Amino acid sequence: MLSVISENLALLKKNEPVRGAAQAQLEQMAIALQRGSALATRLVRYRQNQELQPRPGQINDVVNVALRLIDPLLKGRMRVKAELESLPVLEIDAF
């Protein structure tokens with residue numbers, strides 16, 4: 001299913017010149033698609049009892065990406081603001 005969405009998104013970008021807000025939405029869709037794919041991979045690994053692959057990363061970066069992904073879903077009805085403290089680099093298996 002993610003492959004079909006990915007191909008359709010690629011065709012849309014290729015066939016239609018997109019600018020402004022529509023371009024920003026397509027970029028957010030592409031990011032969400034990548035995140036969804038990574039999450040699906042992690043879930044499959046977990047289900048198969050395979051070891052996750054943690055690597056150094058910032059939790060704040062993961063939170064900020066998640067907030068950017070949900071922002072279009074809120075459609076201006078609500079605004080989410082996070083005040084994140086500076087944290088050390090941790091071993092995470094971020095999607």
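The values are calculated or read from the model by the stated rules, or taken from the named source; none is laboratory data. As the structure is a computational prediction, the values presented were derived from the model and not from experiment. Cβ placement follows ideal geometry from the backbone for every residue including glycine, while neighbour counts extend to all protein chains displayed.
Name the residue that is farthest from residue 7 (Cα to Cα), counting only residues in the range 42-61 that are surrounded by 13 or more Cβ atoms within 10 Å (Cβ to Cβ) and at pLDDT below 85.
45
Filter the helices (runs of 4 or more DSSP H) completely within the chain down to those with at least 3 residues that are in contact with a Ser or Thr (Cβ under 6 Å, 6 or more places away or on another chain) and of a type in the set (Lys, Arg).
Filter on the chain gives an empty set.
With the condition kept exactly as written, say whether any residue in the range 70-88 is of a type in the set (Lys, Arg) and at positive phi.
Yes, some residue in the range 70-88 is of a type in the set (Lys, Arg) and at positive phi.
Go through the range 3-29 residue by residue and tally those that are among the small types (Gly, Ala, Ser) and surrounded by 15 or more Cβ atoms within 10 Å (Cβ to Cβ).
Counting residues in the range 3-29 that are among the small types (Gly, Ala, Ser) and surrounded by 15 or more Cβ atoms within 10 Å (Cβ to Cβ) gives 1.
Filter the range 74-95 down to the residues that are closer than 25 Å to residue 25 by Cβ and surrounded by 10 or more Cβ atoms within 10 Å (Cβ to Cβ), then identify the one that is modelled with the lowest pLDDT.
95
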